[in-house]
Amino acid sequence: MNKQLTNNYDVIIIGAGAAGLMAAVSASSIGKKCILLEKNKIPGKKLLVTGKGRCNITNSADIEEIIRNFPGNGKFLYSTLNNFSNKDLLDFLHEYGLKTKLERGGRIFPVSDRAGDVVKTFMKAVERYNIPIKYNTSVKDLIIQDQKITGVTTQTGETYYADSVIVATGGMSYPKTGSTGDGYALAKQAGHQVIAPQPALVPLYTKEKFVKDLMGLSLRNVGITFYGPNGKKIWSDFGEMLFTHFGISGPTVLTGSRIISEYQYKDCKMVIDLKPALDEKKLDARLLRDFEKYHNKQYKNALSDLLPSKMIPVFVELSEINPELIVNQITAEQRRAIGRLLKNFGLTVEKPASLNEAIVTKGGVNVKEINSSTMESNLVPGLFFAGEVIDIDGFTGGFNLTAAFSTGYTAGLYA
C-alpha cells in the first residue's frame, strides 16, 4: 500500500459535531494522532442551533435517571456514561473556561446563553492538541481490507489512512446542519444494519384546522395528556406547548411525540387541561365569579380572565354556545360544559412533521452490532460509531447531547 505520509493518522473522525469533537479531543489526549473530516465549512453547526441557540449542554440527573430519559435503547449507554458522565463533561468544559448554569428540570446551559461559546470551548481543546480539521470534506467510502478498517476516501478522491475510524456524522434531523444520513451509508458499507430513521421529538400535525387561528400562541403551565387507540391513556406532562400553522409543538408536545411514535401516531389524541391547578368544583366556582363580574357582557367578551385573547374565538365556537348570549343568561349546564372544555381541550393527531423539523432521529446503526463498552463495531475491527448515527434517542433536557459527548469520548478513548 502506497501511503502518503501526510495522510497517515492513528484515528480519523468523520464529523466535527458534538460527538466528533469530543472523540478527537479524547483520542488526542492519550497521544493519538487524529484528524477531523467535516463536510461543513465550520465545526459544530448543529450544536449552534441546539436549545434555540442556547445549547442545553447536559442534564444534572444521575446516570440512572439519564438512562430512563432514553426511550430509544437507553440501556446501551450504561458503560459509556460510566466512562464519561455528565459531571465529567462539565469538569472538562469548566477546565477550558466555560461557565455553566443550572435551570429547571436539571437543564444545564452556558451562562452566556450562547451555543457558540460551547463550540469555542471545544475549539480551545482542539487547538491545544493541534488536531487538524479538514473542512468541506465529505467522506464517500470506508477502506476495509482483510475485514479491518484501514482508512477512508473522500468525494473528491482524497485518501486518508488510519488504524481506526470513528463515524460521528449525526442522524437525519436538521439536514441543513449537515445531518443527511451520510453515516448510515458508511455503516452499510461495513455490513451494519441501519434501523430506518424516523423523526423523534417532532412537532405534530393535527386534524383540527382551527390551529391556524392559534398559530404562534404559547401556552404555559398547562396539563397535556396523550391517548392512544381505544382511548387508552399513554402519557401525561405539565408545562409549555405551542400552536403552529399545521398543529402543535413545544417541549411537552415534543416529548409526547416520541411516546406516541410507538403507536405510529395512529388514532392518537391529545387533551389539554387549560386550568390544571383547579379541579372541576374549584373551576366552576371560578367561572361563577367571572360570570358575576361580567354578567352584563356577551359570552364572547367574558373569557378574558380565563384565556389568552387569541384563543377565545376558537374556544367559544367549540363550546357551541351563542357568542352573543348575555352572560347572566348562561345556564348552569352550559357553565359546566365550559368548565369541561377548559379541562379537556382536545386535538386529534394526524401525523408527525418531517425529519427536517425533528430535534433528533429515531433509528440508526443497530446497537446490537456495536460494543457498548468501547463503541467499536462488532463486525469490522477499527471502526467506531458515536452520537446520533447510532440507534439511540432521548427526550429533551440535554440528554441527547449528553449521549453524544459520552459516546464520542468513549470512541476516542478506545479507537
Review point. Could you say whether any residue in the stretch 323-344 is of a type in the set (Val, Ile, Thr), crowded, with 20+ Cβ neighbours inside 10 Å and touching a Pro at 6+ places or on another chain (Cβ under 7 Å)?
Key: no
Revision key, fill the gap. Taking the stretch 218-247 and keeping residues surrounded by fewer than 17 Cβ atoms within 10 Å (Cβ to Cβ) and at negative phi leaves 218, 220, 229, 232, 233, 235, 236, 238, 240, 245
Review point. List the pairs whose first member sits in the stretch 107-130 and is among the hydroxyl-bearing types (Ser, Thr, Tyr) and modelled with pLDDT of 95 or more, whose second member is surrounded by fewer than 18 Cβ atoms within 10 Å (Cβ to Cβ) and assigned to a helix (DSSP H, G or I), and whose Cβ atoms are under 8 Å apart, counting only residues at least 6 apart or on separate chains?
Key: 129/29
**Study point:** Meets criteria (under 21 Å from residue 184 (Cα atoms), in the same structural domain as residue 370 (by TED's automatic domain parsing), in contact with a strand residue (DSSP E or B) (Cβ under 7 Å, 6 or more places away or on another chain) and of a type outside the set (D, E, K, R)) for residue 161
**Key:** yes
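Listed here are the residues, each with its yes/no results for (1) over 15 Å from residue 314 (Cβ atoms); (2) free of Cβ contacts under 8 Å to residues at least 40 places away in the same chain; (3) part of a loop (DSSP other than H, G, I, E, B).
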position	(1), (2), (3)
219	no, no, no
237	yes, yes, no
245	no, yes, yes
254	yes, no, no
259	yes, no, no
266	yes, yes, yes
271	yes, no, no
276	yes, no, yes
Review point. Just a yes or no: is a residue in the stretch 368-377 more than 28 Å from residue 69 (Cβ to Cβ) and among the small types (Gly, Ala, Ser)?
Key: no
Review point. Looking at (1) closer than 25 Å to residue 309 by Cβ; (2) among the aromatic types (Phe, Trp, Tyr); (3) under 26 Å from the mean Cα position of the chain (by Cα), which is the one condition that is false for residue 291?
Key: (3)
Practice item. All but one of (1) more than 24 Å from the chain's Cα centre (by Cα); (2) at pLDDT below 95; (3) of a type in the set (Lys, Arg) hold for residue 266, so report the exception by its number. Key: (1)
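For (1) among the hydroxyl-bearing types (Ser, Thr, Tyr); (2) crowded, with 24+ Cβ neighbours inside 10 Å, each residue gets a yes or a no:
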{"site": "357", "(1), (2)": "no, no"}
{"site": "368", "(1), (2)": "no, no"}
{"site": "371", "(1), (2)": "no, no"}
{"site": "379", "(1), (2)": "no, no"}
{"site": "384", "(1), (2)": "no, yes"}
{"site": "398", "(1), (2)": "no, yes"}
{"site": "403", "(1), (2)": "no, yes"}
{"site": "407", "(1), (2)": "yes, yes"}
{"site": "411", "(1), (2)": "no, yes"}
Check your understanding: So which of 371, 378, 344, 356 is modelled with pLDDT of 95 or more, under 35 Å from the mean Cα position of the chain (by Cα) and under 30 Å from residue 251 (Cα atoms)?
Key -> 344
Check your understanding: Got at least one residue in the stretch 276-296 being under 19 Å from residue 347 (Cβ atoms) and modelled with pLDDT of 95 or more?
Key -> yes
Point to revise | Output for the stretch 129-142, where each listed residue is surrounded by fewer than 18 Cβ atoms within 10 Å (Cβ to Cβ) and either in contact with a Gly (Cβ under 8 Å, 6 or more places away or on another chain) or closer than 23 Å to residue 55 by Cα (or both) | key: 135
Practice item. Give just the number: which of (1) surrounded by fewer than 19 Cβ atoms within 10 Å (Cβ to Cβ); (2) closer than 15 Å to residue 397 by Cα; (3) in contact (Cβ under 8 Å) with a residue 40 or more places away in the chain does residue 55 not satisfy? Key: (1)
Check your understanding: What number of residues within the stretch 7-32 satisfy the criterion of being touching a Lys or Arg at 6+ places or on another chain (Cβ under 7 Å) and buried (at least 23 other Cβ atoms within 10 Å of the Cβ)?
Key -> 2
Revision key, fill the gap. For residue 41, the lone unmet condition from (1) surrounded by 15 or more Cβ atoms within 10 Å (Cβ to Cβ); (2) assigned to a loop (DSSP other than H, G, I, E, B); (3) out of contact with any strand residue (DSSP E or B) (no Cβ under 7 Å at 6 or more places or on another chain) is (1)
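The values are calculated or read from the model by the stated rules, or taken from the named source; none is laboratory data. Bear in mind that the values here come from a model prediction, so they are computed numbers and not experimental data. Heads up, the Cβs are rebuilt from the backbone with ideal geometry, glycines too, and the neighbour counts pull from every protein chain shown.
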